[in-house]
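Since the structure comes first, as structure tokens, the remarks are kept for the end.
The values are calculated or read from the model by the stated rules, or taken from the named source; none is laboratory data. Remember, it's a predicted structure, so these values are computed and weren't measured experimentally. Here the Cβ positions follow ideal geometry from the backbone for every residue, glycine too, while neighbour counts run over all protein chains shown.
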Amino acid sequence: MTDKKISDKKTENKFVLFFKNKTTKKVLGAVLYPLCSVALIFIVWAIAAAAINKPLLLPEPKEVLSTYFNLLGEKEIWIYGGLTFLRTLECFLISAAIAFLLSTLSAFWKPLNKILSPIITILRAAPTLAVILLVLIWFDYSSAPVIIGFLIAFPLLYSAFYTAITGVDENLLKMAKTFKVSKPNVVKYVYLPCILKPCLESMRSVISLTAKVVIATEIMALTKKSIGLLMRGANLNFDTATLLALTLFAVVLSFILEGAFTLIIKITEAVR
């Protein structure tokens, strides 16, 4: 076998080993596949825009991206986006705190769960649009996004937290009781390790939904200094490119919020 063939064989083996490597597979799964999905969306979008050939109805991706980057250069988008971000964070953290408190109490005192269950069911079943309209009638328009965000996030987080707490392995609890482990240590070494990851994963999935609902309420309530207000203005002006660019901004905001929880989950796993 010639030196060239041996070199080619070694290169091929390295190439195969590279793609079989677990780290490489994780990177491909986390980066390459999502990029392929985004590329597919843009390809379909570009084809549809070319076929319709009506920029007012469906502008081309390059026009929307150009508008998006122009928006990022404006001070207004960062102020309005920051305030929408704070509203989302405010209602989400309030929801998470109250949901965790009530779910913990309910897990150890079952009558409370029986009292709260019908309320949680009603909140989860109620049409979001109807809830928004009622809140706009009853409360100030500026506080409506936070209230709606709470009403949507709270029941989902309560159910997730309650399931996580009541799902702790009974055998571990019996073992702790047998060896007379103190209650603070039971919480620290049994409950927290068991519930931390499922609770964080639930929070990650709920926070993006909360952001979406907050922005939807801002649109309907015409909340001052908000992404929703900018979207409403673009809609009234039939500015589809700006509306899509603002939607892209909102999607990026949701990705950032979800990404923060993904990072927290990875950190907690590494610490453990």
Checklist entry - Is it the case that residue 133 is modelled with pLDDT of 95 or more and in a helix (DSSP H, G or I)? => result no
Checklist outcome for this item: Filtering the stretch 210-256 down to residues that are under 20 Å from the mean Cα position of the chain (by Cα), of a type in the set (A, V, I, L, M) and over 27 Å from residue 139 (Cα atoms) yields 244, 245, 248, 251, 252, 256
Checklist outcome for this item: Within the stretch 159-187, of all residues that are more than 29 Å from residue 117 (Cβ to Cβ) and assigned to a helix (DSSP H, G or I), the one farthest from the chain's Cα centre (by Cα) is 178
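Filter the stretch 202-223 down to residues that are part of a helix (DSSP H, G or I) and of a type in the set (S, T, N, Q) and give me whichever is farthest from residue 76 (Cα to Cα). Show your work before the answer.
First, pick out the residues of the stretch 202-223 that are part of a helix (DSSP H, G or I): 202-221.
With of a type in the set (S, T, N, Q) added as a condition, the list becomes 202, 205, 208, 210, 217.
Details: 202: 32, 205: 29, 208: 23, 210: 23, 217: 20 Å.
Within the stretch 202-223, the match that is farthest from residue 76 (Cα to Cα) is 202.
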Checklist entry - Between a first residue in the stretch 151-178 that is farther than 21 Å from residue 102 by Cβ and a second residue that is at pLDDT below 90, which pairs have beta carbons less than 6 Å apart while being 6 or more apart in sequence or on different chains? => result 172/190; 176/186; 176/190
Item to check | Count - residues of the stretch 224-237 that are part of a loop (DSSP other than H, G, I, E, B) and either among the small types (Gly, Ala, Ser) or touching a Leu at 6+ places or on another chain (Cβ under 6 Å) (or both) | outcome: 2
Checklist entry - residue 111 versus (1) within 21 Å of residue 167 (Cβ to Cβ); (2) touching a helix residue (DSSP H, G or I) at 6+ places or on another chain (Cβ under 8 Å): which is the lone unmet condition? => result (2)
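Quickly run through the stretch 74-94 and pick out the residues that are closer than 22 Å to residue 245 by Cα, over 15 Å from the mean Cα position of the chain (by Cα) and assigned to a helix (DSSP H, G or I). Show your work before the answer.
Taking the stretch 74-94 first, the residues closer than 22 Å to residue 245 by Cα are 74-88.
Cutting the leftovers down to over 15 Å from the mean Cα position of the chain (by Cα) gives us 74-83.
Those that are closer than 22 Å to residue 245 by Cα, over 15 Å from the mean Cα position of the chain (by Cα) and assigned to a helix (DSSP H, G or I): 75, 76, 77, 78, 79, 80, 81, 82, 83.
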